[in-house]
Each structure stands twice: as structure tokens, then as C-alpha cells.
Amino acid sequence: MSRLYYETERPQRDAAKGQFDQGKRTFKLEQGGSSPEVKSFLEKIAKLIPSEVIAGYITLIGLLTALKNPGMRPVFYAIAFILCLVLTPIYLNYQADPGKPKKIHLIVSMFAFVVWAYATSGQQVVPQLYDPAIASFALVAFSLISGAIPLRT
């Protein structure tokens, strides 16, 4: 299974029948069920989040609480952030399938890292700028926006 999300042609919907026709397969919508479009949207959002890099970032930030000189923390917080921000497109580029579109995916994932870094470590790293309501708002808004961005290039 690929680490990046590759879009396929969107299925045509027959609203009168409640069906999606995708090539040779037809999907019927059941009451309370999810359409293929919804599942695809959720899969896309999940793959745009550089979860491996975020996990590494959270680990680095957690390790910095053990620094004997607390005055050095801001410097190392910045190093950890910049390191992971730069590594996000490098790591995902390495994970990409050869010949598949990835440029927009890599850019969107970099922004996803910034949003998730703020949400997961903002209180610790930038307490003067952190607000949990803003962090939650940013996560939801970014997820909705990023799911709507075409990734075909």
C-alpha cells in the first residue's frame, strides 16, 4: 500500500438510482452507509498527514524536557521543528511510487506538519501563542481544505 494518496477519476453519480458508476463497477448507496467518495476523501486526508514525521517530532520535543539547561529549549525546539519540516517532503518523496504525481501532495503535507506540530506541541513550544481552540479549529479547517485540493501534479 502506498504512503501517498493518488487520485483516480471521480465516479459518476446517478442521483435518481442512488448509485455510483465507476468503470465496470456500480456502487449502491445503502441507508446510513458511506459512499466511495466519502471513503476516498477520508483516505486522502489521512495520507496527507505526515504521521511518521509528526511522531518523530513529538518524540524529539518530549526528549527536550530533560535538558539540564531549560534556557536551551527554545533553540532545540526550533531545530526540531525545522528538521522535521524539511524532512517531511524528503521522507514522503522517498515513499512515493515512481512516476506518480506527488508535488502538490508534498507541499500540502508540509503545511499539515505545521498545523499538527502546533496542535500537538504548541502549548509546550510556544505557550504565548498557543490556544487549544485555535489548534482544534486549525486541524478541522485544514483537514477540510486539504481534502478538497486536487493532487494530480
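The values are calculated or read from the model by the stated rules, or taken from the named source; none is laboratory data. In this text, all values refer to a predicted model and were calculated from it rather than measured experimentally. Quick reminder, even Gly has a Cβ in these numbers, built from the backbone with ideal geometry, and neighbours come from all protein chains shown.
For the range 122-136, check the following and say yes or no: at least one residue is over 25 Å from K47 (Cβ atoms), among the polar types (S, T, N, Q) and not in a helix (DSSP H, G or I). Looking through the range 122-136, at least one residue is over 25 Å from K47 (Cβ atoms), among the polar types (S, T, N, Q) and not in a helix (DSSP H, G or I). Across the range 120-140, the qualifying residues are those that are modelled with pLDDT under 95 and within 13 Å of the chain's Cα centre (by Cα), and the one among them that is surrounded by the fewest Cβ atoms within 10 Å (Cβ to Cβ) is V140. Residues in the range 106-153 that are touching a Leu at 6+ places or on another chain (Cβ under 6 Å) and farther than 17 Å from L85 by Cα: S146 alone. Being farther than 15 Å from I61 by Cβ and either small (G, A, S) or in contact with a strand residue (DSSP E or B) (Cβ under 8 Å, 6 or more places away or on another chain) (or both) is true of S146.
So that you can scan it fast, the table gives a plain yes or no per residue for (1) surrounded by 17 or more Cβ atoms within 10 Å (Cβ to Cβ); (2) closer than 20 Å to I149 by Cβ; (3) in contact with a Phe, Trp or Tyr (Cβ under 9 Å, 6 or more places away or on another chain):
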site: A46; (1), (2), (3): no, yes, yes
site: A55; (1), (2), (3): no, no, no
site: I82; (1), (2), (3): no, no, no
site: L92; (1), (2), (3): yes, yes, no
site: I107; (1), (2), (3): no, yes, no
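Let's see how each residue does on (1) in contact (Cβ under 8 Å) with a residue 12 or more places away in the chain; (2) acidic (D, E):
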position: E52; (1), (2): yes, yes
position: G56; (1), (2): yes, no
position: M72; (1), (2): no, no
position: A80; (1), (2): yes, no
position: A112; (1), (2): yes, no
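Looking at the range 137-153, which of its residues are β-branched (V, I, T) and either without any contact (Cβ under 8 Å) to a residue 24 or more places away in the chain or over 21 Å from A46 (Cβ atoms) (or both)?
Going through the range 137-153, the residues β-branched (V, I, T) turn out to be 140, 145, 149, 153.
V140, I145, listed by residue number.
Among residues of the range 88-107 that are in a loop (DSSP other than H, G, I, E, B), those with a beta-carbon under 6 Å from a residue that is basic (K, R) and at pLDDT 85 or above at least six positions away or on a different chain give the pairs A96/K102.
Over 16 Å from G56 (Cα atoms), in a helix (DSSP H, G or I) and not basic (K, R): is that true of Y77 in this structure? Let's see the steps before the verdict.
On the way: over 16 Å from G56 (Cα atoms): no; in a helix (DSSP H, G or I): yes; not basic (K, R): yes.
Taking the combined requirement at face value, the residue does not satisfy it.
Checked against (1) in contact (Cβ under 8 Å) with a residue 12 or more places away in the chain; (2) in contact with a Gly (Cβ under 8 Å, 6 or more places away or on another chain), L129 meets all criteria but (1).
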